[in-house]
1. Being part of a loop (DSSP other than H, G, I, E, B), out of contact with any helix residue (DSSP H, G or I) (no Cβ under 9 Å at 6 or more places or on another chain) and at pLDDT 80 or above is the filter; apply it to region 1-50 and report the residue that is nearest to residue 65 (Cα to Cα).
2. Hey, among the residues in region 4-48 that are loosely packed, with under 13 Cβ neighbours inside 10 Å and of a type in the set (S, T, N, Q), which one's farthest from residue 74 (Cα to Cα)?
Amino acid sequence: MTNEVTDLIDALHNGSMTLEEVAQRFRERSWPGRPTPRPTSYIELATAAISDPEPDQPGSFSEVTTAYDRGQLNRAQYRVLAEAAAEAMRRERGGDTS
């Protein structure tokens with residue numbers, strides 16, 4: 001299954017886009033939030049720890065982590081893309097982008 005994130009990572013991996021071009025797209029796009037709220041109590045943390053994990057949401061940052069784990073991204077590329085995505089997420093929350 002492809003989506004914008006996997007397409008951008010593929011373009012970086014095959015050389016049709018530069019790291020800076022992909023990072024800029026990461027800064028400009030909207031990133032999906034968590035499908036469930038974060039646990040706030042010890043009971044919720046324990047329940048989450050023994051529950052099956054939710055599947056990765058297509059187009060989420062987990063796609064980037066998966067690409068790194070598969071060797072499609074090196075550590076430097078992952079760091080640049082992580083920071084670019086973080087900038088976009090902070091902007092969406094109305095936070096500081098610096």
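The values are calculated or read from the model by the stated rules, or taken from the named source; none is laboratory data. Just so it is clear, the model here is predicted, and its values are computed rather than measured. Here the Cβ is made from the backbone with ideal geometry for all residues, glycine too, and neighbour counts use every protein chain on show.
1. Per the stated criteria, the residue is 32.
2. Ranking the qualifying residues of region 4-48, first place goes to 41.
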